[in-house]
Amino acid sequence: MRITVLTGAGISAESGIRTFRATDGLWEEHRIEDVATPEGFRRDPVLVHRFYNMRRADAARARPNAAHKALARLAKSHDVTLITQNVDDLHERGGSPEVIHMHGSLLGALCANCGHRWPATLVMRSLDPCPSCGKPATRPDIVWFGEIPYHMDRIWKAVEDADIFAAIGTSGQVYPAAGLAQHARRNGAETVELNLVPSAVSGDFTDMRTGPATRVVPEWVAELC
Ligand code: APR
């Protein structure tokens, strides 16, 4: 049985990492156009690096929770493809063997000039020279609004091949991630949403598990294992 899982910020919320669209979410304090677009980076790279340095520090302080660990257990006994919109590394630190980061990762740095990638340090600055071309064009290796998510070929195939598709802790407001459940269902998968509240695409799911991820994800995994 092939299981494809998509996670969003809600799976890391109980590890202390802020989500985006809650009442105290990141987008209440920062304008997306300032910190999560290529135009914002061109306009003020210092502000963008400060935003991601803060998120990198938050992620470094956070610990994987029972939901991350449950998905790692599931991967030990099932054919699981784990896709995340999150840029933290809590899935990896929770024991998941392979994670597809469709929106990039806080652990990565990218040269806006030559496209070279290298491991990010905890604090990054735009004037840090690219190790390859030497230009001061360092940016976080994060997919911003208006950019193409990473690994989409692998993602579409994992969704089409899935017998079960699960979305955990995502509001279903950002495409193409928000469209994956509908695509899975059209390809014959059972679809289940695990969330505190219904998302914007709850109608695409045949099953809903309502509650905090640290409770509903281990319960769901226990049913499968
Ligand atoms: N357990 C389960 N779900 C939770 C929990 C929890 N403890 N806490 C919050 N949630 C749910 C919320 O109900 C909401 O549906 O997590 C979701 C968080 O939604 P968003 O903040 O919109 O985060 P996400 O869906 O991951 O955003 C998608 O948008 O801003 C961009 O690139 C960014 O990857 C991000 C994308």
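Which of the peptides 171-179, 209-217 is most tightly packed, and how do the rest follow, going by the mean number of other Cβ atoms within 10 Å of each residue? Before the final figure, lay out each step's value.
Working: 171-179: 17.2, 209-217: 18.8.
With the highest mean Cβ count within 10 Å placed first, the list reads 209-217, 171-179.
What the phi angles of segment 68-75 give under the Karplus curve with 6.51, -1.76 and 1.60, with θ = phi - 60°, is a coupling list of 4, 5, 5, 5, 5, 5, 4, 5 Hz, glycine and proline written as x.
Label-to-label distance, Asp161 versus Arg93, with points set 7 angstrom from Cα along the beta-carbon direction: 3.0 nm.
You can think of it this way: the chain between Arg43 and Trp27 has 3.9 nm of extra reach, that is 0.36 nm per residue less the Cα-Cα gap.
Mean separation of Cα pairs under 8 Å and 6+ residues apart, divided by the residue count of segment 62-110: what relative contact order is that in percent?
Values: 66 pairs, mean separation 19.9, N = 49.
About 41 percent, as a whole number.
Placing a label point 7 Å from the Cα of His78 along the Cα-to-Cβ direction, none of the residues of segment 7-30 has a backbone N under 12 Å of that point.
What number comes out for accessible area per residue over the chain if the probe is 1.4 Å? Units Å², please. Walk me through the numbers before you get to the answer.
Details: 10550 Å² over 225 residues.
That works out to 47 Å² for each residue.
For Asp141, the residues whose amide H sits under 5 Å from its own are Ser105, Gly108, Ala109, Leu110, ignoring neighbours fewer than 5 places away on the same chain, with H placed 1.01 Å from N.
Which whole-number percentage describes the relative contact order of the chain, with Cα contacts under 8 Å and a sequence gap of 6 or more?
Details: 451 pairs, mean separation 51.9, N = 225.
This gives 23 percent for the chain.
Probe radius 1.4 Å, ligands and nucleic acids ignored: give me the carbon and sulfur share of the accessible area of the chain as a rounded percent. Write down the numbers at each step before the final one.
Values: 5640 of 10550 Å².
It is 53 percent, rounded to a whole number.
Placing +1 on each Lys and Arg Cβ and -1 on each Asp and Glu Cβ, with no other charges, gives the chain a dipole about its Cα centre of roughly 580 debye.
Residue by residue, segment 30-36 carries 3J(HN,Hα) couplings of 10, 7, 3, 5, 8, 10, 9 Hz when phi is fed to the Karplus relation 6.51 cos²θ - 1.76 cosθ + 1.60 (θ = phi - 60°); x denotes Gly or Pro.
What's the FRET efficiency of Val123 with His151 using the Cβ-Cβ distance as r and R₀ = 35 Å, to the nearest 0.05? Working shown, then result.
Details: r = 27 Å, r/R0 = 0.78.
Computed FRET efficiency for Val123 and His151 comes out at 0.80.
Cysteines of the chain lacking any other cysteine Cβ under 4.7 Å from their own Cβ: Cys225.
What is the ratio of the Cα radius of gyration of segment 1-115 to 2.2 N^0.38 Å, where N is its residue count, to two decimals?
Ratio of Rg to 2.2 N^0.38 Å for segment 1-115: 1.15.
Both numbers refer to the Cα atoms of segment 1-63; Rg and Dmax are 14.0, 48 Å. For the chain, the fraction of C-alpha pairs farther apart than 23 angstrom is 46 percent. The Met208 and Asp34 beta-carbon pair, evaluated with R₀ = 22 Å, returns a calculated FRET efficiency of approximately 0.05. Here the Karplus relation 6.51 cos²θ - 1.76 cosθ + 1.60, evaluated at θ = phi - 60°, turns the backbone of segment 15-23 into coupling constants of 8, x, 9, 5, 8, 9, 10, 6, 5 Hz, with x for every Gly and Pro.
The values are calculated or read from the model by the stated rules, or taken from the named source; none is laboratory data. Keep in mind it's a predicted model, so treat the numbers as computed, not measured. Virtual Cβ from ideal backbone geometry, glycine too; neighbours counted across all protein chains shown. Heads up: the accessible areas ignore ligands, DNA and RNA and are worked out on the full protein's heavy atoms, side chains in. Shrake-Rupley method; radii C 1.70, N 1.55, O 1.52, S 1.80 Å.
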